[in-house]
Each structure stands twice: as structure tokens, then as C-alpha cells.
Amino acid sequence: MALARKVVATPLGALSVGVIVVYVMLAAFAPLVAPYAPDATALGQRLKPPSAQHWFGTDSLGRDILSRTLYGARVSLLIGIITVTITAVFGTVLGALGGFFRGAFDAVTGRFTELLLAFPYLIFAIGMMAFLGPGFFNLVLALSLKGWVEFYRLARGQTLDQASQEYVEAARALGQRRGRSLFREVIPNILPAIVVLATLRVGYFMVLEASLSFLGVGIPPNIPAWGSMIAEGRGVLFIAWWVSTIPGVALLVLVLAINLLGERLQEIYDPKSALRRRARRAPRTAVAGAGQGGESQPTEPEVEPA
């Protein structure tokens, strides 16, 4: 509860939480909220603009855009949350083990992550989906096979730093086994950084899912997904803008809210990073103001917070 109060203490934090809660509630209760079945077609209602009967209009098959957008939210949120859970747990455990015990295990996993990083994420995911075939769980698997790398790198770096702290040495001096020290002392102290990264990666995985569905290699066409809805509206964009725009805006707003929440969590868990970010922005603002006035004004040097 204390964390929740800190998150909503700022306007942007409260706004991001409010938007996410609304999306989650609408997605969870989509069967009750949606005015029509997402796959119900009505060829006589093709490409109807937003109206009292169809608030967000209809697509080329007469399907209600509002209903499909609500059901599409379920797909995006589930993909993002499930994929983040898998990748965060797997990557954090591997990174913590490698950073704490080092040795051959750390060397092998490090080289393997470097190999995965050589492939652009979207290209890698497209290749995996071409091999696995479209499907919800295949998409989660394709995203997870490379998504754990960022958590591994963060967990390893944080563990290397924590392993040299005095409290770890004290626990070892008292006879505590190294494995017990890792899971009882080190991992709880690196969890805040992992939580921040996990929050930001939810939005990232949602965008990847939409990209793959847009390309036709993600969610099957019979399941409403924002990416496939955007793709369906490409051919009629200039005569029926709502077909692509509505799911696109829905995705944009949700991802933006998730990213704002992630930044707010970072400010809470790591205030120094927020101060450094503001310090970097201040000189640019001063220079921009000087340029508008026609004269270059001196700026204060950037000072790293203690």
C-alpha cells in the first residue's frame, strides 16, 4: 500500500495507474461490456462510420470495432504480462547465478546472450513464428526465447555489485551457504530494478505482438488483435479511418501509460536516476531559450547528485 501511495502521489503516476486499471477492467469484463460479439459479421453494415449503433464504426466485414478493440485488449495484456513473467523469472535467476558464482556457467551464458543479441528482436521473432506457426502460446514462446536476455544482463550486473557488499560478506562469515545468501540476501535487493524493467517490458512486448500480428505471423486472424486490426484497415484508411485508427490509438495510450508507470517506479526506487535525467534536460532547455533570444546564455554545469 505504501508503494501504491507513492506511485499515485504525482499527477502522471496517478494518471498512468488510472488508465491501466480502466484497460484491465474493460479487458476482463469484455464479454459484458462489448455490445456485439467480436466475430459477428453484418455485410449490410460494412465500413459504417462511428454512430450511436456502432460507437467506433465497423470494419470491412461489418464487425463492430468497439467490441473487437475490447477483446483485442485481452490479447495484448495477456501476451505482455505472461511474456514478462516468464522472461523476468528465467533471466533474473540465470543472471543472478552467473553474477554470484561466476566461473564456467557465467562464461557460457554470457556468450550465449551475446549470440542472441546479434539478432534484431523483430527479425528473430518473425523467424521463430515462421517456424512455430501462428498461435497465442507460440507467440509467447517466440517472444520469451530472446526476451530474457535484458533481465539476465540487468540481474547479473546488479548481482556483481551486491555480491561485494559487506552484508554478503558478513552472512558468509557467519557460515551461511552461498546459495542461501544469493536467494535470501542478494536477489531481494536487486528486485526493485527488475520490477522497473519488467514494467517497461510489458509495453514493449505488446508492441512486438502488435507488429507480428500486423505482419500476419502473430495471433491467428480469427482472434481479435490490435495488430491485425490495424493491418485490416490499411486498404481503406482514406475512406474508413476508424478501422485502423481506433486500435492504434488504444495501443498507443496503453503503452504510454505503462511506460509512465515504469518511469514513476524508477523515480521511487532510484531517485538519483531521476535527478540525473532532470540535470541532463536542464542545459538543453537553457540553450533552447537562449537560441530564441538571439544570444547564447551561459548554463550551469551539470552536477552529479551525491
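Derivation of every value follows stated rules applied to the coordinates shown; laboratory data play no part. Computed from a prediction, not measured in an experiment: that's the story for all the values here. FYI the Cβ positions are ideal-geometry reconstructions off the backbone, even for glycines, and counts take in every protein chain you see.
Some observations on this one:
- Helix-only mean residue ellipticity at 222 nm for the chain, each DSSP H run of n ≥ 4 adding -39500 (n - 2.57), per residue, nearest 500: -24000 deg cm²/dmol
- Gaussian network model of the chain, springs between alpha carbon atoms under 10 Å - residue of R74, R201, R177 with greatest fluctuation: R177
- Using C-alpha pairs below 8 Å separated by at least 6 residues, the relative contact order for the chain is 21 percent.
- The angle separating the long axis of helix 121-132 from the principal Cα axis of greatest extent in the chain is about 60 degrees.
- Neighbour net charge for D64 - beta-carbon separation under 13 angstrom, K R +1, D E -1: +2
- For the options G262, G91, G133, a Gaussian network treatment of the chain with springs between C-alpha atoms closer than 10 Å singles out G133 as fluctuating the most.
- For segment 1-80 versus segment 197-249, the inter-centroid distance based on Cα atoms is 13 Å.
- In the elastic network of the chain, a GNM with C-alpha springs shorter than 10 Å, the most mobile of L139, L66, L237 is L237.
- Cα-projected label distance for N189 with A14, points at 7 Å along beta-carbon direction, nm: 3.6 nm
- Within the shell of other residues whose beta carbon sits under 13 angstrom from the beta carbon of L261, the net charge comes to +1, with Lys and Arg scored +1 and Asp and Glu -1.
- Shown here are the Rg and Dmax of the Cα trace of segment 139-251, at 21.8, 73 Å.
- When the chymotrypsin sites (Phe, Trp or Tyr not before Pro) in segment 200-279 are filtered for DSSP coil states and for at most 10 other beta-carbon atoms within 10 Å of their beta-carbon, the remaining sites are F238.
- A simple spin-label model places pseudo-atoms 7 Å from Cα toward Cβ; at D270 and L32 they are separated by 4.0 nm.
- FRET efficiency estimate (nearest 0.05) - Cβ-Cβ, A170 to A104, R0 22 angstrom: 0.20
- Low-density loop positions, chymotrypsin sites (Phe, Trp or Tyr not before Pro), segment 1-109 - DSSP coil, at most 15 other Cβ in 10 Å: F29, W55
- Length-normalised contact order for segment 30-86 - Cα pairs under 8 Å, 6+ apart - percent: 31 percent
- For segment 1-156: relative contact order, % (alpha-carbon pairs under 8 angstrom, 6 or more apart): 21 percent
- Calculation over all alpha carbon pairs of the chain in 10 angstrom steps from 0 returns a P(r) of 6, 21, 25, 23, 16, 7, 2, 0 percent.
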